[in-house]
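Since the structure comes first, as structure tokens, the remarks are kept for the end.
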Amino acid sequence: MELFVQQIITGISIGGIYALLAVGYALIYSVFDFSNFAFGCVMMVSAFTCYYTTKAGLGLAVSLILSLGAGVILSTIIEMVAYRPLRRRGTDRLFLMITGMGVDLAVTNTATVLLGANARSIEIREFNMDAIQIGSVYLSKLDIVALAVSLTTLLLLYLYISKTKVGLGIRASAYSTSTAGLMGINVNRVSLSIFIIAGITAGIAGVFCGMKYAVNPTVGSIPATKAFIASVIGGLGSLPGAVVGGLLLGIIETLASGFISSVYRDLFSYGILIFVLLFVPRGLLGKQASEKI
């Protein structure tokens, strides 16, 4: 029972990271009907920023702010340089997704050439303590902090989307960008807001993945793919679905690793994806196109 509880909590922590990225997928898909496959490189840049700033002796708070700033800057550049010109031309969403893949490969390979492919560890004194014991269950302090930060970020994002004027513009654009434009909403500004949010969520995910595992040019590849799976499971375009899908996927993967074998972890992930596509193609909480977000 202790192992089960420990695996569940660890799975929720990992699922929180998936949920952050999945929300980014859901936001962009809900408005522009394409999936941004450049999240991996945004995570990587944020993770490397955290590594180098902590290595330079900057405090944890400063390192996190700079890391998130790097993620936001790269995400904004991707939107303005890669996606916006194509959207203005009315390019098919398939080509937008291919563009995202190309950007991700270009940034990742550039980082490999400039920084090397060696794995690096982020050394942060606050997380080098022993595991926290709760009864007979031992929990990593990093997992607890990652879970708390992820859930807090998701809550703040929900409040931002539902309670602010910019959030209203995002929700209106999710129904119809053309109608929202006719009603006086600046769709380009909405797009910029979405990519800033996506940069923040990807940055947080990249930092915690770098802390938990290691920092290298491909640190964001697998989490970004898993987050896309989580988004599909929950329902593309649904923010609650993205959160549910991320948490569910994290728990299932961790239980499979703990009670079966870590070798079959990815098998379960892709098996669930295939099952959902075959039998629940809209996902667990998927909505009609007119009911997104």
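Pick out, from segment 181-293, the helices (runs of 4 or more DSSP H) lying fully within it that include 3 or more residues that are under 14 Å from the mean Cα position of the chain (by Cα) and either modelled with pLDDT of 90 or more or surrounded by fewer than 21 Cβ atoms within 10 Å (Cβ to Cβ) (or both). Before the answer, list the steps.
Values: elements: 187-212, 221-234, 239-259, 265-279.
Fully inside segment 181-293 and qualifying: 187-212, 221-234, 239-259.
When you check I233 against the structure, is it over 30 Å from T179 (Cα atoms) and either free of Cβ contacts under 8 Å to residues at least 12 places away in the same chain or among the β-branched types (V, I, T) (or both), yes or no?
Numbers: over 30 Å from T179 (Cα atoms): no; either free of Cβ contacts under 8 Å to residues at least 12 places away in the same chain or among the β-branched types (V, I, T) (or both): yes.
No.
How about segment 29-39: which of its residues are crowded, with 24+ Cβ neighbours inside 10 Å and over 10 Å from G237 (Cα atoms)?
The answer is N36, A38, F39.
If a residue must be part of a loop (DSSP other than H, G, I, E, B) and farther than 16 Å from A172 by Cβ, how many such residues does segment 10-35 contain?
The initial filter retains those residues of segment 10-35 that are part of a loop (DSSP other than H, G, I, E, B), namely 33-35.
After this cut, where a residue has to be farther than 16 Å from A172 by Cβ as well, the list is 34-35.
Total satisfying the criteria: 2.
What tally of residues in segment 1-28 results from selecting those that are more than 15 Å from K212 (Cα to Cα), more than 8 Å from the chain's Cα centre (by Cα) and crowded, with 24+ Cβ neighbours inside 10 Å?
Selection size over segment 1-28: 3.
Check I124, I144, I132 and return the single one that is surrounded by fewer than 18 Cβ atoms within 10 Å (Cβ to Cβ), under 19 Å from M44 (Cβ atoms) and not charged (D, E, K, R). Even if it seems obvious, please write down each step before you answer.
Working: I144 fails: under 19 Å from M44 (Cβ atoms); I132 fails: under 19 Å from M44 (Cβ atoms).
Just a single option satisfies the conditions, and that option is I124.
Within the set of pairs 6+ apart or on separate chains, which have a first residue in segment 83-97 that is in contact (Cβ under 8 Å) with a residue 40 or more places away in the chain, a second that is surrounded by 14 or more Cβ atoms within 10 Å (Cβ to Cβ) and charged (D, E, K, R), and C-beta atoms under 8 Å apart?
Listed by first residue and then by second, the contacts come to R93/D33; L96/R87.
Would you say T54 is surrounded by 14 or more Cβ atoms within 10 Å (Cβ to Cβ), in contact (Cβ under 8 Å) with a residue 12 or more places away in the chain, in a helix (DSSP H, G or I) and over 22 Å from the mean Cα position of the chain (by Cα)? Talk me through it step by step, then tell me what you get.
Details: surrounded by 14 or more Cβ atoms within 10 Å (Cβ to Cβ): yes; in contact (Cβ under 8 Å) with a residue 12 or more places away in the chain: yes; in a helix (DSSP H, G or I): yes; over 22 Å from the mean Cα position of the chain (by Cα): yes.
Yes.
Give segment 67-85 a look and list any residue that's more than 15 Å from the chain's Cα centre (by Cα) and either on the phi > 0 side of the Ramachandran plot or not hydrophobic (A, V, I, L, M, F, W, C) (or both), or say none.
Residues satisfying the conditions are G69, T76, E79, Y83, R84, P85.
With the condition kept exactly as written, say whether any residue in segment 136-152 is part of a helix (DSSP H, G or I), more than 30 Å from F279 (Cα to Cα), touching a Cys at 6+ places or on another chain (Cβ under 6 Å) and in contact (Cβ under 8 Å) with a residue 12 or more places away in the chain.
no
Specify the residue that is farthest from N188 (Cα to Cα); the eligible residues are those in segment 36-51 that are part of a helix (DSSP H, G or I) and of a type in the set (A, V, I, L, M).
Filtering segment 36-51 for residues part of a helix (DSSP H, G or I) gives 39-51.
Keeping just the survivors that are of a type in the set (A, V, I, L, M) gives 42-45, 47.
Working: V42: 21, M43: 24, M44: 26, V45: 24, A47: 28 Å.
Applying the filter and picking the extreme gives A47.
Mind listing whichever residues of segment 79-128 are within 30 Å of D143 (Cβ to Cβ), among the aliphatic types (A, V, I, L, M) and modelled with pLDDT of 95 or more?
V107, A111
The values are calculated or read from the model by the stated rules, or taken from the named source; none is laboratory data. Remember, it's a predicted structure, so these values are computed and weren't measured experimentally. No Cβ is skipped: glycine too gets one built from the backbone with ideal geometry, and neighbour counts run over all protein chains shown.
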